[in-house]
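Have a look at the structure below, then the notes.
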Amino acid sequence: MLVDFLLLAFGFILLIRGADYFVEGASALAARLCIPPIVIGLTVVAMGTSAPEAAVSIVSALQGSNGIALGNVIGSNIANILLILGVTSVISSLTVQKTTVRYELPFMGAITLLLCIMGAHYGMVTRGCAFVLLGLFVAFLVYLYFFSCDGKCETPEIRPLSRPKIALYVILGIIALIWGSNLTVESASDIARHLGVSQRLIGLTIVALGTSLPELVISIIAARKGQADLAIGNIIGSNIFNILFVLGLAGAILPIAFSPAFLFDCAMALVAVALLMLFVSRDCLLSRSNGMVFLVVYAAYILHLAMA
C-alpha cells in the first residue's frame, strides 16, 4: 500500500504542475486578448485549476469508480468555499463585485440545488441530465462573453509569454493532467480497497483536497497581490465548471450512479453556498471572521465524514 500512497502523491504533483502550466499559458493568452480580471477568474483560471477535477472525474467515470467521480466534484466544491475561501479571507479580506453577488453566486447555488434534485429524483446523473448541465454551461459561457464585451481592458499582473511558450505550456499542462489523473484514480481506488473504506469517502476527502490544491494556491496568491476578483472568480468559476462541465461531460460519456449518501454531501455544498451568499450580501465583503466560520464548518464536516 506504500507504493499506492507514493503513486497518489506523484499523481497530485503532476496534477498541480499540469494545472500550473495550463493556467499560466492560458492566462497569458487571455491577457493578450484583453479579458477583464473577473472573467479571467471565472473562465481561464477557474477551468485551469479545475482541470485536475475534470481529468480525475472523467477517468473515474470511465473506469466505473462513480464514488470517486462524484465525490471528487462535490468534495472539491465544498472545499473550494469552506476551506479555500476560508483560508484566503483569513489571510486577506476579499471584496466581491456586486454583479457577482447578484448573478454568479445565485447561479452557482441554483445549479448545486439542481444537482441535488437530479440525484434525489433519478439516483444518477443520466445522459439526459448530463446534456442539461452541458447546455447550462454553454449558456454561462455566452453570458460571460457578453459581460466581457464592455470595452474595458484591465488585466491582472500576468507574466507575458510568447506564442510558442503559450502553446508549450498548455500542451505540457494537458499531458501532465492526463497522466496525473490516471495515477490518482488508480492509486486512490487501490487505497480504498486496502483500507476497506468507500470510494465516496476517498473521493470527498483525499482526492477532492488533492485536486483542489491548484485553487488554493491561485486564490492565496491572487489575494496577496490584491486581485480579489481573480480569487473569488477562481472559486465561483471552478464550482460552476465542476458541476456543469465535469459532471456534464462525464455523465454524457457514461451515466454516473448517485448513491443516497451523497445527498448529505450535496446538502453540505448548498450550506456552503448559502453561507457565502449570506456573508457577502450586505457589503460585498468576505471578512476574516467570515473565513474563520468557513474553516470551523469545514472542520465539522470532515469530522462527521471520519466518524460516519
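Each value in this text was obtained by applying a stated rule to the coordinates, not by laboratory testing. This is a predicted model, so every value here is computed, not measured. Using ideal geometry, Cβ is built from the backbone for each residue, glycine included, and neighbour counts are taken over all protein chains shown.
Per-residue packing, averaged as other Cβ atoms within 10 Å, sorts the ranges 83-95, 262-274, 110-122 into the order 83-95, 262-274, 110-122, beginning with the highest.
Relative to the current alpha-carbon distance between F131 and R282, full extension at 0.36 nm per residue lengthens the span by 50.8 nm. Once backbone amide H atoms are built at 1.01 Å from N, M124 has F258 as its partners under 5 Å, excluding neighbours fewer than 5 places away on the same chain.
Scalar couplings 3J(HN,Hα) for region 201-207, obtained by applying the Karplus form with A = 6.51, B = -1.76, C = 1.60 to θ = phi - 60°, are 5, 4, x, 6, 10, 4, 5 Hz; x denotes Gly and Pro.
Close amide H contacts of L285 (hydrogens built in the peptide plane, cut-off under 5 Å, sequence separation of 5 or more or a different chain): V96. Here the 3J(HN,Hα) profile of region 244-257, calculated from phi with Karplus coefficients 6.51, -1.76 and 1.60 at θ = phi - 60°, is 6, 8, 5, 5, x, 5, 4, x, 5, 6, 8, x, 10, 5 Hz, Gly and Pro shown as x. Using θ = phi - 60° in the Karplus curve 6.51 cos²θ - 1.76 cosθ + 1.60, the 3J(HN,Hα) couplings for region 118-131 round to 4, x, 6, 7, 9, x, 5, 8, 6, 4, x, 4, 4, 5 Hz; x is entered for Gly and Pro.
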